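Any read-out appearing in this document is the output of simple, stated calculations on the displayed coordinates, not a laboratory observation. Note that the structure is predicted; figures quoted are calculated from it, not measured. Please note: Cβ atoms are built from the backbone with ideal geometry, for glycine as well, and neighbour counts cover all protein chains shown.
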Amino acid sequence: MSEAGKKRKGRPPKFVRDHQGREIHGLSYHKSSESYYATFEPSIRFGRDFDLAVMRFRQWQAEQGKQRLHLGVPFGGLPGGFTDWQADPSPEVGEFWSSEHEVIVPIGQGDLISVPPEIVWKQARTMILKDPLEASKQLGIPEIAHLRDLPPLEPSLTLQRIGEMYFDRRDRRVTPNELAKSRMFWEEFCQVIGVTAIHEIRANHINRYRDRVCEAHHHGKSTTYVRHRFGKVKTILRHALRQVDHPQDISHVLTLCVRLSPPRAVEKPAVAIDRDDFHALLAAADLKWRAMLLVSLNCAYYMIDAITLPRIAVNPETGVVTFPRGKTGIMRLAVLWPRTLTALQAYLSEHGHNSRTVFTSKFGKPYNRYGAAERFQDLRRKAGLDDSVKFAHIRDGAASAAFHAGAAGCLDTQYLDVLLGHRIRGEKVKYISLNPAAVRPVCEAIEAHYFEDNGTAAG
């Protein structure tokens, strides 16, 4: 009943009655037009035929409340009562409307029976299994005809089991930190997806996970944050794909995972460290950080390169440093300046240690990224510089100085690529990379830019 109907005053509405004399609430008869209409919505008409009007009214009523499903059947199409229909359904069942509550079936002369949906589904299952070919024709789904030819389904893998298959593997070495991050990424994925088994995953689940991660990116998380999560989910699924005998479900989900594309990283402009700022850092540094700063500028290193530099990579006799770039694995060569060698020897002489890396923390252990970053922040404050000065600017400064020297015709820029660890195409790469003497002018150009105007005292 509409709100208008509830508040209506005066003579009470008159409803029509069914063949058993029961009042049909909400359906009235208009004598002048000899037609049936919705009592509280007079503009809604259902025609002159009583039985058809009742059925149309019930359908209209269901559409208004979205509470019922009506199964239209020609009158007399369902012989007997409900029990008979359940045992021997009529072949004249017509059209279904979606509902999760009940099925209303008109029978006889306007009578109605309520059929639970599970009964309908149960009967549909019986009919499909009894004659898949006929079911495929009636339903217009050709695949059903081959139902009996399908192999029995194995229990679908759970997302928990897929994760265990990856985390329990023993064929690779990973750090505890990396393993912990992988677990966190996978558990995050499972939680957002919100299903138990791999076969339950649909496109909307993947979309939801993608949107959740990308939302964090929009609120300040880095592109790396997104890329690592998406990449790890795909890696775990690909590992499971190689381990199971029936990978169809996993393969399907991996196909859906093409939607997990990280946003394009914005290339940050290179910023060369100012000469005065670099010398301010040198002046404030202790022996260790003075050596680290000079090595980083000399060799065009990022902080991660400096703190992971192996002792065996440095030849103290020749001053040649041979160390592959971690990002690409490409071998790099550098020739240390005398001032760099002196600073390095002074540091190692005073802080002797047995670590595999040249530079260590105060505990004699290799630096981690976060510890080294904190120490650099302390040094930067001591030098009177603000946080606009980044350690990465040291590599940018070295590359910029060498590039401009090359542009001026002072050196061969392909040897700058050897220093920076850039890929060199062609057969000549194997010869170029074996020639430290050719890299020396590149390193000298960097030194000249940062020290020629400062004298030896500043250096």
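Using a 10 Å cut-off around each Cβ, can you sort His252, His205 from fewest to most neighbouring Cβ atoms? If you can, show how the numbers build up before the last one.
Details: His252 14, His205 17.
Arranged by neighbour count, lowest to highest, His252, His205 become His252, His205.
Suppose R0 equals 60 Å. What FRET efficiency, 1/(1 + (r/R0)^6) with r the Cβ-Cβ distance, do Ser222 and Arg125 give to the nearest 0.05?
Numbers: r = 51 Å, r/R0 = 0.85.
Here the calculated transfer efficiency is 0.70.
Around Ser361, with a cut-off of 10 angstrom between Cβ atoms, what is the net charge of the other residues, counting Lys and Arg +1 and Asp and Glu -1?
Details: positive: Lys288, Lys362, Lys365, Arg375; negative: none.
Around Ser361, the charge tally is +4.
Can you pull out the chymotrypsin sites (Phe, Trp or Tyr not before Pro) in the stretch 177-212 whose DSSP state is coil and whose Cβ has at most 14 other Cβ atoms within 10 Å?
On the way: sites: Phe185, Trp186, Phe189, Tyr209; in loops: none.
Of the chymotrypsin sites (Phe, Trp or Tyr not before Pro), not one in the loops of the stretch 177-212 has a Cβ with at most 14 other Cβ atoms within 10 Å.
Using only the Cα atoms of the stretch 275-458, what do you get for the radius of gyration and for Dmax, in Å?
Reported Rg and Dmax, both Å: 15.8, 48.
How large is the Kirkwood hydrodynamic radius of the stretch 322-385, in angstrom, based on all distinct alpha carbon pairs?
On the way: mean 1/r = 0.0710 Å⁻¹.
Across the stretch 322-385, the inverse of the average 1/r is 14.1 Å.
Tabulate in residue order the Karplus-calculated ³J(HN,Hα) for the stretch 188-203, using 6.51 cos²θ - 1.76 cosθ + 1.60 with θ = phi - 60°, rounded to whole Hz; enter x for Gly and Pro.
Coupling constants for the stretch 188-203: 4, 4, 4, 5, 5, 4, x, 10, 9, 9, 5, 5, 7, 6, 10, 4 Hz.
Please arrange Val295, Val120, Val213 by counting, for each residue, the other beta carbons lying within 10 Å of its beta carbon, fewest first. It would help to have the intermediate numbers written out before the result.
Values: Val295 26, Val120 19, Val213 22.
Lowest to highest Cβ neighbour count: Val120, Val213, Val295.
How do Thr322, Thr196 line up, fewest other C-beta atoms within 10 Å first? Numbers along the way, then the final one.
Working: Thr322 16, Thr196 12.
Least to most surrounded, the residues fall as Thr196, Thr322.
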